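The values are calculated or read from the model by the stated rules, or taken from the named source; none is laboratory data. Remember, it's a predicted structure, so these values are computed and weren't measured experimentally. Every residue, glycine as well, gets a Cβ built from its backbone with ideal geometry; the counts of neighbours run over all protein chains shown.
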Amino acid sequence: MKEKRIKIIKDGPYLVGGNIPLAKEKITEDEKGYLLKWEKIADFPKQETHSLCRCGESKNAPFCDGAHMKASCDLIETADNASLKSRAEKIEGEELVLFDVPKLCAAGHFCTRAGGAWDLVRTKSDDPEKNKIAIQEACDCPSGRLVMVDKKTGQEIEPGFEPSISVVEDEVAGVSGPIWVKGKIQIEGSDGTLYELRNRVALCRCGQSNNKPFCDGSHIAVRFSDNQNI
Ligand code: FES
């Protein structure tokens, strides 16, 4: 597979093609335990193609080792494939509009600082930092649940990602998180359906999401189960 693409294999892994860089990033926090930050902790050797586990049972995570053949979880894709904006809740402020699809929440918790992205957008204030924090919170959201739009221009305010993938370790919650897909990499469902091309997407890798292939934060619950492989 030369093209940069993630192909979902029925009842199996994510087949990643096109020599896409793969890294490991962790969610960490500042010295006051307040500001959440992304920090890269490893780069994996580049491979033309590889398979990433989506059942959460591989002993060679984040790569597939065939354990899905005996996995207990159901890997059927159930996510709505309508465009994000067509199904998002719209929060309008004076200068910003926030689009929100809660079902896509990957529990990164970047959006809760300083009252949360929603209130920061809604609240009238002369504080120049307010919009800056709201934009940062939306842009740090790995799943792209939150998309910020400049009200005047109608343009999305997005981080400039190159096509790349990171497996997430959530140091704050003490659990492994989703597969963070950046830079508009096409994701193809097991039946050939093409998901909306987006700058930020979080894919489930614990096998427990109720919105597959996307993460819905269920890995937080997996921490308390006996599945330690992801
Ligand atoms: S998808 Fe193959 S081991 Fe998990």
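If you go through segment 25-49 and pick out every residue that is over 23 Å from His109 (Cβ atoms) and surrounded by 20 or more Cβ atoms within 10 Å (Cβ to Cβ), you end up with 0.
Rundown of residues vs (1) without any contact (Cβ under 8 Å) to a residue 40 or more places away in the chain; (2) crowded, with 23+ Cβ neighbours inside 10 Å, yes/no style:
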{"position": "Leu120", "(1), (2)": "yes, yes"}
{"position": "Lys124", "(1), (2)": "yes, no"}
{"position": "Glu129", "(1), (2)": "yes, no"}
{"position": "Lys132", "(1), (2)": "yes, no"}
{"position": "Val149", "(1), (2)": "no, no"}
{"position": "Gly160", "(1), (2)": "yes, no"}
{"position": "Val181", "(1), (2)": "no, yes"}
{"position": "Gln186", "(1), (2)": "no, no"}
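When segment 162-179 is limited to residues that are more than 21 Å from Ile76 (Cα to Cα), surrounded by 18 or more Cβ atoms within 10 Å (Cβ to Cβ) and among the small types (Gly, Ala, Ser), the one that is farthest from the chain's Cα centre (by Cα) turns out to be Ser176.
Being part of a strand (DSSP E or B) and not assigned by TED's automatic domain parsing to the domain that holds Asn211: is that true of Val97 here? First the steps, then the outcome.
Numbers: part of a strand (DSSP E or B): yes; not assigned by TED's automatic domain parsing to the domain that holds Asn211: yes.
When the stated conditions are applied, Val97 passes them.
Please determine, by comparing only the residues of segment 4-27 that are assigned to a loop (DSSP other than H, G, I, E, B) and among the β-branched types (Val, Ile, Thr), which one is nearest to the ligand (Cβ to nearest atom). Write out each step before concluding.
Let us first name the residues in segment 4-27 that are assigned to a loop (DSSP other than H, G, I, E, B), namely 4, 9-13, 18-21.
Filter once more, keeping what is among the β-branched types (Val, Ile, Thr): 9, 20.
Values: Ile9: 8, Ile20: 18 Å.
Checking each candidate, the answer is Ile9.
Does segment 81-89 contain any residue that is touching a strand residue (DSSP E or B) at 6+ places or on another chain (Cβ under 7 Å), within 16 Å of the ligand (Cβ to nearest atom) and either assigned to a loop (DSSP other than H, G, I, E, B) or not charged (D, E, K, R) (or both)? Spell out how you get there, then give the answer.
Filtering segment 81-89 down to residues touching a strand residue (DSSP E or B) at 6+ places or on another chain (Cβ under 7 Å) leaves 84-85, 88-89.
Narrowing further to those that are within 16 Å of the ligand (Cβ to nearest atom): none.
Looking for residues that are touching a strand residue (DSSP E or B) at 6+ places or on another chain (Cβ under 7 Å), within 16 Å of the ligand (Cβ to nearest atom) and either assigned to a loop (DSSP other than H, G, I, E, B) or not charged (D, E, K, R) (or both), one finds none in segment 81-89, hence no.
Does segment 64-74 include one or more residues that are in a strand (DSSP E or B) and either within 15 Å of the ligand (Cβ to nearest atom) or of a type in the set (Asp, Glu) (or both)?
Kept after step one, since they are in a strand (DSSP E or B), are these residues of segment 64-74: none.
No, because not a single residue in segment 64-74 is in a strand (DSSP E or B) and either within 15 Å of the ligand (Cβ to nearest atom) or of a type in the set (Asp, Glu) (or both).
For segment 161-176, the set of residues classified as more than 22 Å from Met148 (Cβ to Cβ) and at pLDDT 95 or above consists of Ile165, Val167, listed by residue number. All of (1) part of a loop (DSSP other than H, G, I, E, B); (2) surrounded by fewer than 17 Cβ atoms within 10 Å (Cβ to Cβ) hold for Ala221 with one exception: (1). Could you tell me whether any residue of segment 106-115 is within 30 Å of Arg5 (Cα to Cα) and in a helix (DSSP H, G or I)? Yes, segment 106-115 has at least one match.
Filtered by the rule that a residue be touching a Leu at 6+ places or on another chain (Cβ under 6 Å) and assigned to a strand (DSSP E or B), segment 28-52 gives Glu29, Ser51.
State all residues of segment 41-62 that are touching a strand residue (DSSP E or B) at 6+ places or on another chain (Cβ under 6 Å), of a type outside the set (A, V, I, L, M) and within 16 Å of the ligand (Cβ to nearest atom); if no residue qualifies, say none. Listed by number, the residues that qualify are Thr49, His50, Ser51, Arg54, Pro62. Exactly one residue among Ser209, Ser190, Ser143 is assigned to a loop (DSSP other than H, G, I, E, B), surrounded by 23 or more Cβ atoms within 10 Å (Cβ to Cβ) and within 16 Å of the ligand (Cβ to nearest atom), and that residue is Ser209.
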